Structure formats: C-alpha cells, structure tokens
1. Which residues, counting only those in region 184-201, are under 15 Å from residue 221 (Cα atoms) and either within 13 Å of ligand 1 (Cβ to nearest atom) or not in a loop (DSSP other than H, G, I, E, B) (or both)?
2. Spot the failing condition for residue 95; the list is (1) away from ligand 1 (no atom under 15 Å from the Cβ); (2) surrounded by 21 or more Cβ atoms within 10 Å (Cβ to Cβ); (3) outside any loop (DSSP other than H, G, I, E, B), and only one is missed.
3. Given the criterion over 19 Å from the mean Cα position of the chain (by Cα) and under 30 Å from residue 35 (Cβ atoms), identify the matching residue among 133, 115, 137, 123.
4. Please state which of the following conditions residue 89 fails to meet, knowing it meets all the rest: (1) within 16 Å of ligand 1 (Cβ to nearest atom); (2) not in a helix (DSSP H, G or I).
5. Would you check if residue 151 is under 26 Å from residue 79 (Cβ atoms), at pLDDT below 95 and within 16 Å of ligand 2 (Cβ to nearest atom)?
6. Any idea which of 160, 174, 107, 135 is under 26 Å from residue 227 (Cα atoms) and assigned to a loop (DSSP other than H, G, I, E, B)?
7. Would you please name the residue that is farthest from residue 138 (Cα to Cα), looking only at residues in region 82-91 that are touching a strand residue (DSSP E or B) at 6+ places or on another chain (Cβ under 7 Å) and surrounded by fewer than 23 Cβ atoms within 10 Å (Cβ to Cβ)?
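The values are calculated or read from the model by the stated rules, or taken from the named source; none is laboratory data. Remember, predicted model here, so these are calculated numbers, not experimental data. Heads up, the Cβs are rebuilt from the backbone with ideal geometry, glycines too, and the neighbour counts pull from every protein chain shown.
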Ligand SMILES: [Zn+2]
Ligand SMILES: [Zn+2]
C-alpha cells in the first residue's frame, strides 16, 4: 500500500485541519512522505484559496525541519490553470483545472451541485456534453500553463455524475472530448493523478479518472500518482487500496513521486 500523499489541503486554504494535525495523522498511518498542496489564489473565488502563500510556505518548511528523520514533508501547490500568480518557491506543482471558460468568464465545475447545474442550464443550454467539451478544451493547456509535475483530477467534470445520472460517459462526444485532452497532455510526459478525494467527500464511489480513461492513458504510456486530495486528517489515504487495484486493472504503473520527480536535481533547489 502506498504510504505517502502529495495532494493535501489544510487550514491555509479550504482544509479542515492544520498542517501539524495532518502531519501527525500521516505519521500515525506510517507514511514516509507527505506533500502539502494548498490552492493557488483565484481572484474570482478567493474563499477556498491561499491568501497568504508566504505564511504557508514558512510553516510547512518549519514542520519539514521539525519532522526530519520521521517523515519527509514537502511544500507544493495545487495551481489552477487560470491562476495569474506563478507558482514560485514550491517543491512541486499539481496542475488542475477547476473551471470552464465561456465568453471570458470562469464558471466553477467544483462548486456545489446546484451551481454547476445552473451553469450548464444557463450557459450551455442544458447540454452537459457541451459543458464537458469546454472543460476538456481548456484542460489541454494545463501543463503548459502551470508547469505541472502532476496532472490533477483529470475528469473533475464527472464530480456529480455518479452512475451516469447527468450525462453518458460512453457518448462518442464525451469520449472524443476527453481523448483529445488526453492526447494533448500525454505529450508532456507528466504523470496523471488517481485522486480519491471525491470518495472521502461522498460525491463518488470511484476515483478520478474513470477506468476507461486510465486504460487509455496506460495504453499510451502514461504513469500515475496516487493521491487522496485530503481536506482533513481522517482522509489521508481514503480509498488507496481500491485505487491501487484500479491502477492494476487498468494497467497503469504508479510512480514513486518522491523518487522520480522530487528526487530530480532541478527540483532539489527548493527543498528544505
Ligand atoms: Zn482540485
Ligand atoms: Zn485539491
């Protein structure tokens, strides 16, 4: 079982627990590494974001020093593709897209269900597939725009689609949309996340992305990083067992993110 997590939120953004509580919980679980990934600041929706990234970096660095020899602590960021503040001074970047862009306006795909439904109704003529197409069209640029080391929750647009209740994930239009984003992103050679966050928060029973997408990515040489997108100390490894089984079924190798990415010489400069 994977004993690390690099997608972790805390009270510096929209997480429930302090970094220290998260670290203590990770140590209790026998983790060897924990990476924090506070949300980058979005002017359009500041509520869930880090308003003091310098304070965040300082505290994570202090904890890293304090816990050296017990657990490796890293300071990363979950950088939204539309964030205008460059991700400087972090050990790594999770590149994520939480919005669809229409007529130069951003609409969240990660907010509450009613608001997403309203966006689809009012901005996309109730056509969920057209909403998904806009999402994947944007997602194509996530690595280039964020400098991502990990591609976050690839099919976040399925957040409320458990059991296909809003749209058919086998519809050729939907498949063409995600494949086109996958093809664009595969060229970057950056690992994709298998993200169990929607399981611990009760939105879904399976991780992002779907098994179909994982199979496609695997067939095209992609690798994956397992992460919990944890927002509290009880969910640091929620669903990891099932997600590892899923990776095995889909034939996608899990990378040791700490070894392969954070171990790179050009990444060491930011380390404690
Ligand atoms: Zn996210
Ligand atoms: Zn996250």
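1. The first filter runs over region 184-201 and keeps only residues under 15 Å from residue 221 (Cα atoms), leaving 184-193.
Listed by number, the residues that qualify are 184, 185, 186, 192, 193.
2. The one condition residue 95 does not meet is (1).
3. Working: 133 fails: under 30 Å from residue 35 (Cβ atoms); 137 fails: over 19 Å from the mean Cα position of the chain (by Cα); 123 fails: under 30 Å from residue 35 (Cβ atoms).
From the options 133, 115, 137, 123, the qualifying one is 115.
4. Just one mismatch for residue 89, condition (1).
5. On the way: under 26 Å from residue 79 (Cβ atoms): yes; at pLDDT below 95: no; within 16 Å of ligand 2 (Cβ to nearest atom): yes.
Considered against the rule, which asks whether it is under 26 Å from residue 79 (Cβ atoms), at pLDDT below 95 and within 16 Å of ligand 2 (Cβ to nearest atom), residue 151 comes out as no.
6. Details: 174 fails: assigned to a loop (DSSP other than H, G, I, E, B); 107 fails: assigned to a loop (DSSP other than H, G, I, E, B); 135 fails: assigned to a loop (DSSP other than H, G, I, E, B).
Just one listed residue meets the conditions, 160.
7. We begin by selecting, within region 82-91, every residue touching a strand residue (DSSP E or B) at 6+ places or on another chain (Cβ under 7 Å); these are 82, 87, 90-91.
Among the residues that remain, those that are also surrounded by fewer than 23 Cβ atoms within 10 Å (Cβ to Cβ) are: 82, 87.
Working: 82: 10, 87: 19 Å.
Going through the qualifying residues, I end up with 87.
Conditions (1) more than 16 Å from ligand 1 (Cβ to nearest atom); (2) surrounded by fewer than 19 Cβ atoms within 10 Å (Cβ to Cβ); (3) at pLDDT 95 or above, marked per residue:
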position: 20; (1), (2), (3): yes, yes, yes
position: 34; (1), (2), (3): yes, no, yes
position: 63; (1), (2), (3): yes, no, yes
position: 71; (1), (2), (3): yes, no, yes
position: 77; (1), (2), (3): no, no, yes
